[in-house]
Structures are given as C-alpha cells and as structure tokens.
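Below is one structure, written out as structure tokens, with a few remarks after it.
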Amino acid sequence: MKNLFFKRLLAAALVCTTAFSMNAFAAQKKSSASSTMLFGRFEQDGNPANGAEPIEWIVVANDGTKAMLMSKNILECLPYLHDYANVPWESSDLRSWMNGTFYASAFNDAEKAMILDTNNSNPDSSAFFGVGLPGGNPTTDKVFALSVYEAQQLFGAAPEAVQDWNEKMQAKPTAYATMRGCWTHPRSGRGFWWLRSAGTSYGNWVATVQDHGGVIAHVGNRAGEGARPVMWVKMQ
Ligand SMILES: [Ca+2]
C-alpha cells in the first residue's frame, strides 16, 4: 500500500508541469496533486552575472504537514568522495556539500527554517545489489541524496531491474552542472546522479543513477556525476 501511495503521488507530481512559486506554496500545500515548486536558488544557467536561478523541486511525497522535495535537475557536478576510497555516506564529500555549501548558499533564513532535520538510516546495500557493503551510521541531514531503497520505493526501481530504463529516475544536469563537468548525453541531455547508498564490494563503492534511469554502482571519485538534493520541508 505504501509503495502504491508513493507511486500515485509521484504520478500526480509528474503529470502537471506547472512550477509553483513560494507564494503559491500555501495554496498547494494540502493538495497531493501538487507537482513541482520553486524554492531557494542556485546558479543554473551558467551565467553568474545574472545571479542564481530559482530551484525547481519535484514533490515526491506529501503527508499534509511536510513535503519531500527532490531537485528536478542535477544541480552540481561533484564526486561522492574526492579520493579512491570506500567511505560511508556519513563521511562523504557529497553529504558535506549538500549540508554545507549548498544548504548555506541556496536558502535564506526563512527558507532554512522550513527545512526539517531528517534522520536517515543507511543500511548496507546487499538487499539491493546482492553483494553489498555496509552503509555506515545513521545520519541527521538537512539535505541528502536518496538511498537505493528510497529510490526503489518512490520510483519503482526494483532490485531485479537495476540496469533497466526508468523514466522516473532520469534527470538532466543544468547548464552550470554541465559546465562544471557533469557528463551530459549529447541527444537526451540527461546525466548521472549519485545515491547515498553503498554499491558493491567489487570496488564499485557507491550507488548511482545512469542517464537512462537505471541504478548501477561506481567508484565514488568517478568524474562527471552529480547531485540531486532531497529534503523534507515543513508546510505549516
Ligand atoms: Ca545565473
């Protein structure tokens, strides 16, 4: 039932293409049919001279009091970890960037007050990859990447279909993220984005999403992959 609930929410979110401003947030906050919303700002068009652009978020869950938002686009190009090493989400560069540089620069004080702490479990990845790795300690995050299990629940990326095409998981880097080094498919414009879960024990230490939307594992310092921040935002 829970999976169906999330699927329906996601379907509703993806059907409507209207982006809501913060002024419309109150009006839409009780509607499960809300789709995307604008919240915070980050450089996206690759022209810093015209300032940062509003961030568009997909409302992937909404329980009536809070909404789970995931950036529609891949916002930044960075490795999960700068070095060739196996570290858990807790110690990753990606977590540091999301809760540090990104959180500090993308949101004003009023917006920060709306962003809730999320207690994230980080289970090992064996239930997804078969030959998995430990995920490390639980973490408390303002901003985070999805785990493989959350992606599976929200977008139906079933374990037996991790290599498969999954339109719900596809995303494009912004022009800025492409300029920063995110690999971008020349025709589709889509790219790769990190999950926070561990990968497999064959030296592929982090789960990541490919341009066609399937989940795979890569070494965490692989170049050209990016970040899709996720967070829970208070609605009342
Ligand atoms: Ca700009």
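Laboratory data are not the source of any read-out in this text; all were calculated from the coordinates shown. None of these values were measured; they are calculated from a predicted model. Counting neighbours? That spans all protein chains shown, and the Cβs are built from the backbone with ideal geometry, glycine included.
Long-range amide H contacts for F42: which residues qualify at under 5 Å (H placed 1.01 Å from N, peptide plane, sequence gap of 5 or more or a different chain)?
Answer set, sorted by chain and number: E53, I55.
Could you give the size of the charge dipole of the stretch 70-195 about its Cα centre, using +1 on the Cβ of each K and R and -1 on the Cβ of each D and E, expressed in debye and rounded to the nearest 20?
Here the size comes out at about 480 debye.
If the chain between A49 and T65 were fully stretched, how many nm would it gain, using 0.36 nm times the residue separation less the Cα-Cα distance?
Gain on extension, A49 to T65, equals 2.0 nm.
What chymotrypsin sites (Phe, Trp or Tyr not before Pro) in the stretch 184-236 are in a loop by DSSP, with at most 11 other Cβ atoms within 10 Å of the Cβ?
Y202
A223 to S105: FRET efficiency via 1/(1 + (r/R0)^6), r the Cβ-Cβ distance, R0 30 Å, to the nearest 0.05?
0.85
Could you compute the FRET efficiency for W165 and S121, with r as their C-beta to C-beta distance and R0 at 25 Å, rounded to 0.05? Mind dumping the intermediate values first?
Details: r = 28 Å, r/R0 = 1.13.
Step by step, r from the Cβ atoms, then E = 0.30.
Using the count of nearby Cβ atoms within 10 Å as a rough guide to exposure, how do I216, I74, I115 rank from fewest to most?
I216, I115, I74
Can you give the FRET efficiency for H185 and Y84, using 1/(1 + (r/R0)^6), R0 = 30 Å, r = Cβ-Cβ distance, to the nearest 0.05?
0.70
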